[in-house]
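Q: I'd like to ask some things about the structure below.
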Amino acid sequence: MLFRLWNYLRGYVIIIVEGFFTEKFINICARRRILLWDVRIQRERRITARMSINGFRLIRPVARKTGCRVRLLKKRGLPFVFSKYRRRKAFFAGAVLFFVLLNLLTSFIWSIEITGNEKLDNAFIENALAENGIKTGALKYSIDTRSAVNRMMLEIGRLSWISIEIKGTKARVRIREREDIPEIVPRHIPCDIIAQKDGIVRQVIAKDGIEEVAEGDTVKKGQILISGRVPVKGGEEQYRLVHAMGTVNARTWYEEEASVELARTEKIRTGRVIRDHSLVLFSKQLDLIRRKNKYIEYEYDESRKKLTLGEDLVFPFEWVTVSYYEIMSLEAYISEEDARSKAAGEARRKVLERVPEGAEIVSEDIYFTEQDGRLAARAVVECIEDIGVSRRIGGN
């Protein structure tokens, strides 16, 4: 094994020897210390052998003396590899430079992916990440993700959980936001039951505390429905504070509106398009193809494609294509029946999204109005629901 490795490093050749005295050729080479190995008889008066580069330079007198013909069959080893590519210095230099730049670029973060956020917007999270050293262009080996996670959990109260994973040139940030859970007053703390919204009382069931409203009463948000101040018998204006408990069902209403244009202008693409192309290197934009937009009416569209290798290797290079689509405007009319159906459907969808879980819908009504070329639908939903919520006595 070492012999083969050594020969590959210094280089060797495979030769063909033909003649009547091939055996004599081998013996003379041995006497003159010209090393031959892997000698094989191909057929009568023909052999192949391997030898060093220096040895090949010394065999001409031996071949002449024995009357044998020597031909070079193959070249093997590192010197021949270098010799082969010596004329391709630019190729090698480019390859080396490419790998150096690739290694350099993959040492930085070029993309940040944020998932799981609903109420917290990306810009807010990106600012918080940047304050902790995680931003586009940051050296990834200098980032302590565990420390960043701990600091962000302390700094952002709405976070329930966060993980930061740096893979390739991408930082993956996964978030779970803290849910808004209504305060639950412990049983041992005195409280009232108040209205969390306006309504007309349908039924009051007080398990503990004093009923302050009756069926048919109109109540406003924040009004006490069941009081936790229970008068003490025999005591003038003296109260015993309790944890009020009970249910107050009330009629509530929700409404939403939606409108539809009866006549509108539709924009249709003609099929003609002009495209500009540019290359963004880091944050610098280089215009490659810039054509003058000659359309009077047009729609504008921009697409950006980042250079990536797989999902995790994202580089700071973008191919930007700006498309200008020629359009023509046409007047379109919608029938009143279709307009009513569309507006009513949208208004109903919006209002039903507001109805809380557990509420019983008892009626739905749609009212239409037409003004300034638009047909408006107002959806009104009546529900029966428990509107009571606990509030500490003395609290807000």
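The values are calculated or read from the model by the stated rules, or taken from the named source; none is laboratory data. Because the structure is predicted, anything quoted here is derived from the model rather than measured. All Cβ positions, even for glycine, are placed from backbone atoms using ideal geometry, and neighbour counts span all protein chains on display.
Q: Could you please give the count of residues in region 225-240 that are surrounded by 15 or more Cβ atoms within 10 Å (Cβ to Cβ) and either under 54 Å from the mean Cα position of the chain (by Cα) or free of Cβ contacts under 8 Å to residues at least 12 places away in the same chain (or both)?
A: Restricting attention to region 225-240, the residues satisfying the condition of being surrounded by 15 or more Cβ atoms within 10 Å (Cβ to Cβ) are 225-230, 239.
If we keep only those that are either under 54 Å from the mean Cα position of the chain (by Cα) or free of Cβ contacts under 8 Å to residues at least 12 places away in the same chain (or both) as well, we get 225-228, 239.
So the answer is 5.
Q: Mind checking whether some residue in region 221-243 is closer than 21 Å to VAL381 by Cβ, outside the structural domain of SER323 (by TED's automatic domain parsing) and at pLDDT 90 or above?
A: yes
Q: Of the numbered conditions (1) closer than 30 Å to LEU330 by Cβ; (2) at pLDDT 90 or above; (3) of a type in the set (Ser, Thr, Tyr), THR265 fails exactly one; give the number of that condition.
A: (2)
Q: For a quick check of your reading: which helices (runs of 4 or more DSSP H) sit entirely within region 84-159 and have at least 2 residues that are within 20 Å of the chain's Cα centre (by Cα)?
A: 122-131, 145-155
Q: Out of LEU129, LEU36, I need the residue that is surrounded by 15 or more Cβ atoms within 10 Å (Cβ to Cβ) and assigned by TED's automatic domain parsing to the domain that holds LEU159. Which one?
A: LEU129
Q: Moving to a separate point now. Does LEU102 fit the bill of being surrounded by 12 or more Cβ atoms within 10 Å (Cβ to Cβ), modelled with pLDDT under 85 and not acidic (Asp, Glu)?
A: Details: surrounded by 12 or more Cβ atoms within 10 Å (Cβ to Cβ): yes; modelled with pLDDT under 85: yes; not acidic (Asp, Glu): yes.
Against the criterion (surrounded by 12 or more Cβ atoms within 10 Å (Cβ to Cβ), modelled with pLDDT under 85 and not acidic (Asp, Glu)), LEU102 qualifies.
Q: Still on this structure: Checking ALA93 against (1) surrounded by fewer than 14 Cβ atoms within 10 Å (Cβ to Cβ); (2) over 30 Å from LEU139 (Cβ atoms): exactly one of these is not met. Which one?
A: Only one criterion is unmet by ALA93, namely (2).
Q: Restricting the search to region 1-51, which residues are outside any strand (DSSP E or B) and under 18 Å from GLY77 (Cα atoms)?
A: The answer is MET1, LEU2, PHE3, ARG4, LEU5, TRP6, ASN7, TYR8, LEU9, ARG10, GLY11, LEU35.
Q: Can you tell me which of ARG69, ARG31, ARG57 is touching a strand residue (DSSP E or B) at 6+ places or on another chain (Cβ under 8 Å) and not aliphatic (A, V, I, L, M)? Step through it out loud before you land on a result.
A: Working: ARG31 fails: touching a strand residue (DSSP E or B) at 6+ places or on another chain (Cβ under 8 Å); ARG57 fails: touching a strand residue (DSSP E or B) at 6+ places or on another chain (Cβ under 8 Å).
None of the others qualify; the one that does is ARG69.
Q: For region 277-303, how many residues meet the condition of being more than 28 Å from the chain's Cα centre (by Cα) and of a type in the set (Phe, Trp, Tyr)?
A: Within region 277-303, residues that are more than 28 Å from the chain's Cα centre (by Cα) and of a type in the set (Phe, Trp, Tyr) number 2.
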